[in-house]
Amino acid sequence: MIGLLLTLGSEARADRMVRVAVAADDDYRARTGWQERAEAALVEAGTAFGDFGITFKIVEFLDWESESADHDVAALQNEMSAEVVSSRAELIVGFAGATGGRGNRHFIRLGHSDTPGRHLLVSERAGRDLSLVLRHELGHAFGLPHVSHTVSVMNEGVESGRTRFDTLSAAILRNNARLEFLSGDPLAGCSLGSLWGLYDQVASNGDEVADLIAVIGDSYRRRGDPESSRRAYAEAEQISPGLRSARLGLAMLALADERPSEAISLLESLRKEGADDVPGLETSLGLAYAQLGLTASAVRAYETAIRQNPDDFAALNNLGLLHLDDGRHHDAEMLFQQALAVRPRFALAWNNYGALLYKTGRQDEAIKAFQTSLDLEPDQSGADNLRQLVDRR
């Protein structure tokens with residue numbers, strides 16, 4: 001997106017105080033003055049949020065013992081989300097002393113927790129500006145997506161000088177400033193009827209707004225309004241022909257409507273462009289090929305997705321399901337276990353894992369897996385699986 005950056009010179013409104021618990025692993029706590037260092041980074045990162053009436057207040061410091069042998073930041077984040085809780089804070093910000101990690105990633109995705117609020121983790125790597133990385137991750141806490149604006153703090157490459165929000169991110173942040181940290185929809189605070197009003201707001205600033213319209217399309221799609229979603233994606237493509245996010249959104253609509261051939265056409269066009277940075281591309285291709293019954297192509301797509309991102313829990317689960325159907329029980333079990341290690345509260349993976357355990361004669365373990373799936377998401381298929389298994393005992 002090519003657009004204006006928000007000017008941060010206006011007076012801030014103090015109408016959202018975010019209570020923060022700072023958590024640190026044992027590696028980070030080994031550093032002299034770690035509490036002051038973490039607090040200084042949070043204060044500096046928080047200055048970018050002042051124009052939106054958002055301030056951050058540390059209410060407690062917490063610690064946990066990290067056990068990630070390879071200092072992988074994704075493993076550390078999952079570990080912290082599972083182990084660290086706070087009754088006083090809305091947001092738990094973790095600091096890890098990890099200096100390495102797979103893929104040389106400079107920041108970490110947000111993860112959901114069992115308590116109200118969100119967890120995020122940052123790792124202080126050599127040569128990185130910790131406050132910039134933290135500012136980027138705090139943006140994600142408020143639902144901000146990655147943008148292509150070269151000097152925005154929400155650009156995926158957290159580099160020096162990317163200290164402010166582009167207009168798209170600012171519009172979403174302005175909308176979400178007073179929302180809880182529980183929604184997966186960046187535009188959750190907008191009613192369906194007012195989403196186009198947000199588009200008008202950004203357009204009036206003189207920006208190219210194709211990226212925003214695609215985000216609006218995503219929001220409509222998540223809320224079950226495919227026609228409005230399709231309209232948004234079409235308009236985004238009209239403004240910016242070939243916009244990747246719009247094509248990906250149209251492919252997801254096609255998958256939901258069980259039109260896999262249409263989805264494959266769109267997704268393969270992205271693949272041919274070398275769009276390895278499009279989140280979920282290979283996983284979506286795997287699902288489309290599986291819908292068509294082209295198992296070999298689906299397996300190749302899922303394997304590619306896992307090579308690109310070993311923590312792609314959807315690809316791990318889906319590939320495990322294909323192996324389960326093919327009788328490759330050992331491979332399926334490893335994949336389900338990997339998916340659950342990444343996302344322990346993944347109900348569908350627990351259900352699939354239960355089916356594998358049943359097929360391999362481990363009925364007691366299968367009952368526990370099915371029950372876990374139901375506890376997380378009481379869907380009918382999981383209930384049927386558990387009922388049939390108990391009735392046969």
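Quick note: the coordinates plus some simple rules give every number you see, no bench work behind them. Small disclaimer: the values here were computed from a predicted structure and weren't measured. All Cβ positions, glycine included, derive from the backbone under ideal geometry; neighbour counts span all protein chains shown.
Taking 7 Å steps out from each Cα toward its Cβ at S87 and E268 produces label points 5.8 nm apart. Packing around the peptides 138-144, 323-329, 85-91, 242-248, taken as the average count of other Cβ atoms within 10 Å per residue, puts them in this order, highest first: 138-144, 242-248, 85-91, 323-329.
Shape analysis of segment 219-284 yields a ratio of the Cα radius of gyration to the Kirkwood radius, Rg/Rh, of 0.94.
Lysines near K359 by alpha-carbon distance under 21 Å, same-chain residues fewer than 8 away left out - which ones? Excluding near neighbours in sequence, the set is K368.
Using a simple spin-label model with pseudo-atoms 7 Å out from Cα toward Cβ, M17 and E65 lie 3.6 nm apart. Multiplying the residue separation of L179 and A40 by 0.36 nm and subtracting their alpha-carbon distance yields 47.5 nm. Ranked by the mean number of other Cβ atoms within 10 Å per residue, highest first, peptides 307-315, 168-176 order as 168-176, 307-315. If R0 equals 25 Å, the separation of the Cβ atoms of E303 and D325 corresponds to a calculated FRET efficiency of about 0.95.
Note on T47 and L294: their simple-model spin labels are 5.3 nm apart, each label 7 Å out from Cα toward Cβ. Sorting the segments 337-344, 17-24 by their residues' average number of neighbouring beta-carbon atoms within 10 angstrom, most packed first, yields 17-24, 337-344. Stretching A30 away from E227 to a fully extended chain increases their span by 65.5 nm, per 0.36 nm per residue minus the current alpha-carbon distance.
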